[in-house]
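Encoded as structure tokens, the structure appears first; notes follow it.
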Amino acid sequence: MAVSGAPHSSPVLGLDTLVRLRRAQRSPSATGRLSLPEGMTTPLGCDAVAVPARFGPLVVPRLPRVGCVYADGSHWWWIVPSDSDYALPWPAPAHYAPGAPLPVVSRLIHRPDGTVPYTPPIPLYLALCRVTGTTPDWSRQLSA
């Protein structure tokens, strides 16, 4: 119900809403669909971080926990919670894939204990920065 004399205002969209709307417009570039091992649950949704296969073995020992990891021959795909790229640019040559659209030829190469498929995104980000020689985004100097 409108109050007489009150200015009409539009609903305010927050950054979370804008990010989700933008993601809804994207169409996945891969044609496969994430198929998790039996008994796995995704309470936080699923995205993936694709890393060239040569970096995979260098990243694993730097992580406190390794979730589901898939491989397609040229890349390893790490399953992370949805929105793990929120205000965080992943270091090249990693590629962040909302919705975890894995290539059809990918196969599971690591299954964690438990029921959640996630690799913790911040340790994964830091490990990728380390092996790619990239300074973490929050450590970079700001220029005026």
- Message: Between I122 and W138, what is 0.36 nm times their sequence separation minus the Cα-Cα distance? Round to one decimal in nm.
- Response: 4.6 nm
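Could you rank D47, D113 by how accessible they are, 1.4 Å probe, largest area first?
Details: D47 5, D113 140 Å².
From most accessible down to least: D113, D47.
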- Karplus ³J(HN,Hα) for the range 112-123 (6.51 cos²θ - 1.76 cosθ + 1.60, θ = phi - 60°; Hz, whole; x = Gly/Pro) runs x, 5, x, 10, 10, x, 7, 8, x, x, 5, x
- Label-point separation in nm, A92 to S74, each point 7 Å along Cα→Cβ: 1.7
- HN-Hα J in Hz across the range 82-95 - Karplus 6.51, -1.76, 1.60, θ = phi - 60°, x for Gly and Pro: 3, 6, 6, 9, 4, 6, 9, x, 5, x, 5, x, 5, 10
- Rounded if a/c under 1.5, otherwise prolate or oblate - the range 50-138, Cα gyration tensor axes: rounded
- Amide hydrogen neighbours beyond the local backbone of A48, cut-off 5 Å, H modeled: V80, A97, G99, A100
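The values are calculated or read from the model by the stated rules, or taken from the named source; none is laboratory data. Predicted model only: the values in this text are computed from it and were never measured. Note that each Cβ is placed from the backbone with ideal geometry, even for glycine, and that neighbours are counted across all protein chains shown. Heavy atoms of the whole protein, side chains included, go into the accessibility calculation; ligands, DNA and RNA do not. Shrake-Rupley method; radii C 1.70, N 1.55, O 1.52, S 1.80 Å.
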